[in-house]
Number of protein chains: 2
Amino acid sequence: MKLTSFELDVMQYLWQQTEATSPEVHAYITKTRDVTYSTVKTIIDRLEQKKVIKRHRVEGRTIYYQTLVTPKEVQKPMLKQVLQKLFAGNKKLLMNQLFEQDDLSQEDIQYLENLIKRDKKL
Amino acid sequence: MKLTSFELDVMQYLWQQTEATSPEVHAYITKTRDVTYSTVKTIIDRLEQKKVIKRHRVEGRTIYYQTLVTPKEVQKPMLKQVLQKLFAGNKKLLMNQLFEQDDLSQEDIQYLENLIKRDKKL
DNA sequence: ATTTTATCTTGACAAGTGTAGAGGTAACAA
DNA sequence: TTGTTACCTCTACACTTGTCAAGATAAAAT
């Protein structure tokens, strides 16, 4: 379940919609950078080939797509990969970097503390 | 400062040595998977072109390489990338995934608590 | 009924990535 | 001093990734 940078951008949008069309995805991507419809559609086609999205329903010429995998299913193996490749498998290094990244918000900290608390109970 | 998967494997080794030769790197990589010397040397050459390593000294036919960038210089932008692409910029999601990954060790937890403590002092 | 528009399909290409063989040559061994 | 070995250099190639244009065609508008 390895996706490219561009593919992830598209998935990101698809995950927050119940369904979406290529023109919609194109509109979303275009908010950030300037790519043609063709380019976006190619990425969508590849996601379909990879079986991580499917044609949910068709209305006239328009295809509505839907995801076939959850964020977690993609995040888990890819984060593991990052941990290995970038931090030699050392979680502490990753955490540290996350702290230094650009300051965690107060809310982030609190969330972390809760994660720790919950973890200790198990 | 974007490095490929294979390039990161090589950097990983180089970072833990003061200097290293191509055959040494090859030996290291070969512990995990089966690639020829040529392949490894190509990656090393590309790292050199990217100016993230340099020829430190030469002894006979043998070249000793050394890194020109720190782990952090590479990790920081790449982790940021991952955070954006994979977790839509949401640090909480990343942390959560890290916890679920494959259980943090007791030591990891403690380390995290210290990070939090230190963070609160600032 | 005909034109216009929106969307899809197909094909293509440059750059990047992983992979390796062939051939050169310095260094070492006999 | 000549053969062998260890490394290096160069070249190449298939696959992936990002990018898009051209052409087809259904749907909508006139």
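The values are calculated or read from the model by the stated rules, or taken from the named source; none is laboratory data. Keep in mind that this is a model prediction, so the values were computed, not measured. Counting neighbours? That spans all protein chains shown, and the Cβs are built from the backbone with ideal geometry, glycine included.
A few points about this structure:
- Failed item, numbered, when residue A:89 is tested on (1) on the phi < 0 side of the Ramachandran plot; (2) loosely packed, with under 14 Cβ neighbours inside 10 Å; (3) within 14 Å of chain B (Cβ to nearest Cβ): (1)
- When each of A:71, A:77 is tested for being closer than 17 Å to residue B:103 by Cα, within 13 Å of chain B (Cβ to nearest Cβ) and touching a residue at least 40 places away in the same chain (Cβ under 8 Å), the lone residue that passes is A:77.
- Test: residue in the range B:47-69 that is of a type in the set (D, E, K, R), crowded, with 17+ Cβ neighbours inside 10 Å and either more than 16 Å from DNA strand D (Cβ to nearest atom) or assigned to a helix (DSSP H, G or I) (or both): no
- Among the residues of the range A:1-34, those identified as away from every other protein chain (no Cβ under 14 Å) and within 12 Å of DNA strand C (Cβ to nearest atom) are A:19, A:20, A:21, A:22, A:23, A:24, A:25, A:26, A:27.
- Put simply, of B:98, B:79 the only residue that is at pLDDT below 95 and more than 16 Å from DNA strand D (Cβ to nearest atom) is B:98.
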